[in-house]
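Quick notes on the structure that follows.
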Amino acid sequence: AALLMPAEDVLLHVKSRDVSLDTLEELSRRYAVSLEAAFLRLRGMRLWNCEMTVWHRMTTGEFALDKVHGWLKVDWRWADSSIPGKAWSQENSRPLSGRSFVYFERPDGYSAAAPVYFEAKRRGDSLVALWGAKRLAKVKKPPGLFDKIVRTEQ
């Protein structure tokens, strides 16, 4: 990881960027690594604190979980089953974002659910989602020239 994505360079390119699929795709291209490798490097450096899941669309039109990159490697499901379909058909390849619940059920009867903020996007034959308990971070941008109007006395 340190050879493909040197920490100093990663910090330089991530510190002013949103936690988003767009940022992840840009880093993936920059370092010529997979989305998963870029995500795992950001998690390993403790720059991002979210989960990444990869889903595939079955012939029935439903979505099945392929990979989980995060703390709990369980069979997560969306409480709102329409989210993957909406993200899959989103126009202009823009990510679908919002708030929902994810849950899992184990064969022994144990189950858990969690409210999450998410961003999901179709990527080729897969659906990729970033999600976490806290709002995905948005970088605070400095105000532009016309963002604040200052009144002067005449």
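The values are calculated or read from the model by the stated rules, or taken from the named source; none is laboratory data. Everything quoted here is computed from the prediction, not taken from an experiment. FYI the Cβ positions are ideal-geometry reconstructions off the backbone, even for glycines, and counts take in every protein chain you see. When the accessible area is computed, the model is the full protein with side chains, heavy atoms only, and any ligands, DNA or RNA have been set aside. Shrake-Rupley method; radii C 1.70, N 1.55, O 1.52, S 1.80 Å.
In segment 98-106, is there at least one residue being assigned to a helix (DSSP H, G or I) and over 16 Å from Phe63 (Cα atoms)? So far as segment 98-106 goes, no, none of its residues is assigned to a helix (DSSP H, G or I) and over 16 Å from Phe63 (Cα atoms).
Can you find a residue that is under 23 Å from the mean Cα position of the chain (by Cα), open to solvent by less than 40 Å² (accessible area, probe 1.4 Å), modelled with pLDDT of 85 or more and among the charged types (D, E, K, R) anywhere in segment 122-145? No, because not a single residue in segment 122-145 is under 23 Å from the mean Cα position of the chain (by Cα), open to solvent by less than 40 Å² (accessible area, probe 1.4 Å), modelled with pLDDT of 85 or more and among the charged types (D, E, K, R). Residues of segment 44-55 that are loosely packed, with under 15 Cβ neighbours inside 10 Å and either in contact with a Ser or Thr (Cβ under 9 Å, 6 or more places away or on another chain) or among the basic types (Lys, Arg) (or both): Arg46 alone. When Lys86, Lys67 are checked against the criterion of being outside any helix (DSSP H, G or I), open to solvent by 60 Å² or more (accessible area, probe 1.4 Å) and within 21 Å of Glu25 (Cα to Cα), Lys67 stands alone in meeting it.
Do you know which of the residues in segment 1-34 that are hydroxyl-bearing (Ser, Thr, Tyr), touching a residue at least 24 places away in the same chain (Cβ under 8 Å) and not in a helix (DSSP H, G or I) is most open to solvent (accessible area, probe 1.4 Å)? If we take residues in segment 1-34 being hydroxyl-bearing (Ser, Thr, Tyr), touching a residue at least 24 places away in the same chain (Cβ under 8 Å) and not in a helix (DSSP H, G or I), then Ser16 is most open to solvent (accessible area, probe 1.4 Å).
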